[in-house]
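We did not get these values from a lab; they are worked out from the coordinates using the rules stated. It should be emphasised that the depicted structure is a prediction, and the values quoted were computed from it without experimental measurement. Every residue, glycine as well, gets a Cβ built from its backbone with ideal geometry; the counts of neighbours run over all protein chains shown.
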């Protein structure tokens, strides 16, 4: 027996003693309280100061000579409640924090700079944004440590920490903080996954049929190469993604890239594991005749199928918890990287690590009678087309459909064109929540003009009624404009007029080119939630989507062999994932013959049946800093989690009930 084995066994026997566990529990609790309680106090103090500074700096304009704006310009200091904030660092930024109209921008970032001297340098930024976040993290850390102690994993945990430290030592000596964080992530994530599996197996020891089946499946999954390959790949790949992101990019793009890659990788690997495992666990037991022994026990066929589904879903939950914690922590690590400028830092807070809702302007559409008249006139004005229809060369119905789509698109496009010297008024509705919460609005826009040269700067005027703002915009470049919530009317609407003009002194001149934009690039946004809760809702949506895939795989394996069940399940998964693209493509698909008509019918039916799977895109919403609402979570639960998963369970049960499981071929 090696000395290491002897030492390990002695330490293991020591940790099994109740007194030692109690002592370790007390030490863990004291450490958590000693670290997190001061942070909670700091977070509470910083939160109250942020609110006071935000109120003092709201609607400040240097052109109007507002007091706080003048103070920032001249001395870089803001005085609130008898205390001075800022200094030379803020004064040096004075030239970039005021836009051409004189409004103070990047207020959130200015506040963080003013409070930087009160922030502990070792504490993660996200912990100090809200006191409740500190308390939540403290509770999670305490539960995690207590679970390690009372499950008898103190010695393996110490070994994991030591091994991770040794593996990360070269990166520390080379000064590669990113490599050190990645190595630490791999070690701790792997250990946490093992810990959660232990806890799950303990929770599944209830004497109930489906739970017993789920318990067996989880144990089986930790041994099968099918599931372990995806789990290990995910645990290894996630911590390495930050190393593949170019640190020279603006920080907001680094964060968006990481969120997109990590969430997509997590869902794809989890979906593949779910489909393969759910198909394999049923199909292999039928093929290898293990089902004979199970069906002789007091286990109903419905309980057997639901237990398989429950086991896969709980395993998915563990995987998403590990991946979610990893992604969230690495987002907090990446946000500490240097920003390209103060506007980039502001964009990180206001456009990425947030949860915003928005409203698009209303556009009028051609009604049915107007469309018919427009299409008929178009055909009358085109003799060649009219003759082709009369001769049967072109299908009249398809021609009219194409012309109607083009007419509607052109009619909407003209409403988004502003000629030089003219204006166009747009109405936004549904902004009542923003008015009640008194949060600032953000106008997001990207205009095209002239040759759309990205080196040009062109004028535009935004008129909100009592507030008119002149701006310079760069064509084909996204811009944002912060607007006071006071522009919202009592009925929750905002009326915005865009003038294609510019002012020089008391004179008004027409702009040089037509201004136009795409419908998706003109929107009013406002903050409704924080990134943390938005991220949680996004992960719940992903879990519900995986639950549907789990039931799909289990149901398919009840009447198909493993390869065929996999082909069917993956085909449905791919079609469901491409449903939005398929829906957009069908708008431009014409059926000129019977074969194309059949394709159109099949594609339309598939898109209609599976559109719910991709109707909510949590990854895209997180990347764009948009709200994943509880309404979207509930709809996903009702449609995918209950309706479609329930339908798959019924189909699988009907097939499984009629299946002869105990037919013996005389071989084997």
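For the chain, the 222 nm mean residue ellipticity estimated from helices alone, with every DSSP H stretch of n ≥ 4 adding -39500 (n - 2.57) and the total spread over all residues, rounds to -19500 deg cm²/dmol. Kirkwood hydrodynamic radius of region 417-529, from the reciprocal of the average inverse Cα-Cα distance over all distinct pairs: 14.7 Å. Peptides 182-192, 19-29 ranked from most to least packed, by the mean per-residue count of other Cβ atoms within 10 Å: 182-192, 19-29.
Sorting 202, 446 from the fewest to the most surrounding beta carbons within 10 angstrom yields 202, 446. Inter-part distance, region 212-240 to region 509-531, computed on C-alpha centroids, equals 46 Å. Distance between the 7 Å Cα→Cβ label points at residue 651 and residue 84: 7.3 nm. At a temperature of 25 °C and a viscosity of 0.890 mPa s, determine how fast region 77-166 diffuses translationally according to Stokes-Einstein, using the Kirkwood radius over alpha-carbon pairs as Rh; express D in µm²/s, rounded to the nearest whole number. It comes out at roughly 142 µm²/s. Across region 1-152, Cα pairs under 8 Å and at least six residues apart give a relative contact order of 32 percent. Between the beta carbons of residue 116 and residue 174, assuming R0 = 22 Å, the FRET efficiency works out to 0.20 to the nearest 0.05.
Taking every pair of alpha-carbon atoms in the chain, what share in percent sits in each 10 Å bin, from 0 to the bin with the longest distance? Histogramming the chain at 10 Å steps yields 3, 11, 19, 21, 19, 14, 9, 4, 1, 0, 0 percent.
Out of every Cα-Cα pair that region 1-88 contains, those further apart than 21 angstrom amount to 62 percent. Once the Cα-Cα distance is subtracted from the 0.36 nm per residue extended length, the residue 514 to residue 439 segment shows a gain of 23.7 nm. Length gained on full extension, residue 9 to residue 26: 3.8 nm, using 0.36 nm per residue less the C-alpha separation. Distance between the modelled labels on residue 55 and residue 219, one decimal in nanometres: 6.1 nm (7 Å Cα→Cβ projection). Summary value for the chain: 14 percent relative contact order, contacts being C-alpha pairs under 8 angstrom separated by 6+ residues.
With R₀ set to 25 Å, the beta-carbon distance separating residue 94 from residue 506 gives a calculated FRET efficiency near 0.35. Label positions at residue 228 and residue 455, each projected 7 Å from the Cα along the C-beta direction, are separated by 6.1 nm.
For each of 150, 206, count neighbouring Cβ atoms within 10 Å of the residue's Cβ, then give the residues from fewest to most.
With the fewest neighbours first, 150, 206 line up as 206, 150.
Per residue, the convex hull around the alpha carbon atoms of region 269-343 comes to 113 Å³. For region 221-275, a Kirkwood hydrodynamic radius built from all Cα pairs, placed in the Stokes-Einstein relation at 25 °C and 0.890 mPa s, yields a translational diffusion coefficient of 200 µm²/s. Gyration tensor analysis over the Cα atoms of region 98-143 returns equivalent ellipsoid semi-axes of 32, 12, 6 Å (largest first, whole Å). Of interest is the spacing of the C-alpha centroids, which for region 1-70 and region 84-133 amounts to 22 Å.
Of 74, 378, the sequence from fewest to most neighbouring Cβ atoms within 10 angstrom is 74, 378. Remark: C-alpha extents of region 368-414 on the principal axes read 33, 18, 18 Å, sorted largest to smallest. Need one number: the % of Cα-Cα pairs in region 1-152 sitting beyond the 20 Å mark. Taking all Cα-Cα pairs of region 1-152, the fraction more than 20 Å apart is 62 percent.
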